[in-house]
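What follows is a set of notes on a single structure, which appears directly below.
No value in this document is a laboratory result; all are computed from the given coordinates. The shown structure was predicted, so the numbers you read here are calculated from the model rather than taken from an experiment. Note that we place each Cβ from the backbone using ideal geometry, even for glycine, and neighbour counts take in every protein chain shown.
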Amino acid sequence: MPGEARLLVRLLVRARVPGADGGPPRLDVDLELGAGITAVIGPSGAGKTTLLTTVAGLVTPDAGRIVLDGVALFDDARTVSVPAHRRRVALVFQSLALFPHLSAWENVAYGLPSGRRAARRERALRWLERAQVAHRADRLPSSLSGGEAQRVALARALASEPRALLLDEPFSALDDELRGQLGADLRALVAQLNIPAILVTHHREDAASLGSRTLALSHGRVVDEVAARTPAEPPQRGGGGP
Amino acid sequence: MSYEPLVLSFQVAVVATFLAGVVGVALAGVMSRTRLPGSDLLDVLITAPMVLPPTVLGYYLLVTVGRSTPLGRAYETLTGSPLVFTRTAAVLAASIAALPFIVKAARAAMEDVDPRLVGAAATLGASPLRVFLTVVLPLSRNGVLAGLTLGFARALGDFGVTLMVAGNIPGLTQTGALAIYDAVQANRQAEAAGMVAVMTAFAVAALYVGTKLVRDRPHAW
């Protein structure tokens, strides 16, 4: 429940980043991430995707500091730069980035520890079941529907047992009904695993329905925090009654 | 018609393609993912064998691995025989000739791999080497195979570099291309024509396969 969100980790990103994709030249974000999904909204160029790729380690800042849960992932003053594969921060791309040459279960197994193929398949299948797409385990990504591919990408990210889950506009290609179903499943999975998750989107409705809180990002900074609200909740009325 | 030079050509080309393949694919992998200082110069150096006269390339090899050079002496100390004017030298010559074809095709295919797939693999905990072996290489497989077939065709047909560093010793280093030259010089036209037909068939078949592989890229959705 949003109201019960327990503080888990602090994420600090103060960094000058190479602004290659039209993002801001600086990120200045200091978040306390609770259990559940923290939604980040903002216009194009606000730095939403840059924030995620920088935290995941896919973009290396020119200078600055990234600290997740007390661990420095990047710190130019101390010449710390943890490579992406050692950060244990999973990122679900807007394009999903499923490996086209691997089946759904092989995609999920990619992030599992090495071991016997049968055991890895077994574990991957359990994740696919949790994401409710186990019946497509042997399909290649090209033969999955948009919603199925989305579920496989989510299962793959979670199977790697990340310390934090980052989601970049994950539902942008889906219709409203599917968004609703997937959103509910995503919230349930994140709650079960009790890991912090950041979801960036430019859809206020997605942010409101998925996030236990919503932050507005502009020019690489958090400029506003929108109060948590579930769609079922009636709007709060201020002031005295009749 | 003697088949010995043709068989030798084939053997030399197979070994050379393997060696240039290992080195070339590794070089392509590094060059496609990293921008090191001097990478443009490295690119020029790797491409140079495509445009330099084979005799010039052969000359460079001779002054690098000839009997009086440090490398040549080291080889002779290790193996007990000189490198130049041996079959090993023929393999070396063919490898150098094949290398740029392999690097160019493999690198282009590797650069075509979606960087988000590489990023996704890294965030799932895969080291750069594992990403290369399990994502980049399988997805650029056809480009790499195309490069290998082109490299094989080039290695098969080498004349100038082989002549400079391995000589034209019948039964030892005389490959098909060199044997054709000798046959024409000695006016053995039928023998020359026979070997020309076989060499042409091999090279055209390799090029056809290479072209098909580049065109039929899978996963292009």
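Of the residues making up the stretch A:13-59, those that are within 14 Å of chain B (Cβ to nearest Cβ) and farther than 17 Å from residue A:89 by Cα are A:18, A:20, A:21. Under the condition of being of a type in the set (A, V, I, L, M, F, W, C) and farther than 16 Å from residue A:109 by Cβ, the residues counted in the stretch B:118-142 number 7. Being facing another protein chain (nearest Cβ under 10 Å), of a type outside the set (A, V, I, L, M, F, W, C) and crowded, with 24+ Cβ neighbours inside 10 Å is the filter here, so list the residues in the stretch B:121-168 that pass it. Within the stretch B:121-168, just B:123 meets the criteria. Per the conditions (1) more than 18 Å from residue A:201 (Cα to Cα); (2) away from chain B (no Cβ under 11 Å); (3) of a type in the set (S, T, N, Q), the sole criterion not satisfied by residue A:114 is (2).
In the list A:75, A:62, which residue meets the criterion of being touching a residue at least 12 places away in the same chain (Cβ under 8 Å) and away from every other protein chain (no Cβ under 13 Å)? Just one listed residue meets the conditions, A:62.
Among the residues of the stretch A:120-165, those identified as within 12 Å of chain B (Cβ to nearest Cβ), part of a helix (DSSP H, G or I) and surrounded by fewer than 20 Cβ atoms within 10 Å (Cβ to Cβ) are A:142, A:143.
Quick grid of which residues meet (1) more than 19 Å from residue A:186 (Cβ to Cβ); (2) over 19 Å from the mean Cα position of the chain (by Cα):
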{"residue": "A:80", "(1), (2)": "yes, yes"}
{"residue": "A:108", "(1), (2)": "no, no"}
{"residue": "A:129", "(1), (2)": "no, yes"}
{"residue": "A:152", "(1), (2)": "no, no"}
{"residue": "A:161", "(1), (2)": "no, no"}
{"residue": "A:168", "(1), (2)": "no, no"}
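May I ask you to list pairs of residues, at least six apart or on different chains, whose Cβ atoms are under 6 Å apart, with the first in the stretch A:176-189 being surrounded by fewer than 19 Cβ atoms within 10 Å (Cβ to Cβ) and the second being among the β-branched types (Val, Ile, Thr)? Filtered contacts from the stretch A:176-189: no entries.
Each residue in the stretch A:78-90 was checked for being at positive phi and either within 14 Å of another protein chain (Cβ to nearest Cβ) or in contact with a helix residue (DSSP H, G or I) (Cβ under 9 Å, 6 or more places away or on another chain) (or both), and 1 pass. Scanning the stretch B:1-20 for residues that are touching a Phe, Trp or Tyr at 6+ places or on another chain (Cβ under 9 Å) and closer than 17 Å to residue B:101 by Cα yields a total of 5.
Restricted to the stretch A:25-52, and to residues there that are out of contact with any Leu (no Cβ under 7 Å at 6 or more places or on another chain) and polar (S, T, N, Q), the residue that is surrounded by the most Cβ atoms within 10 Å (Cβ to Cβ) is A:49.
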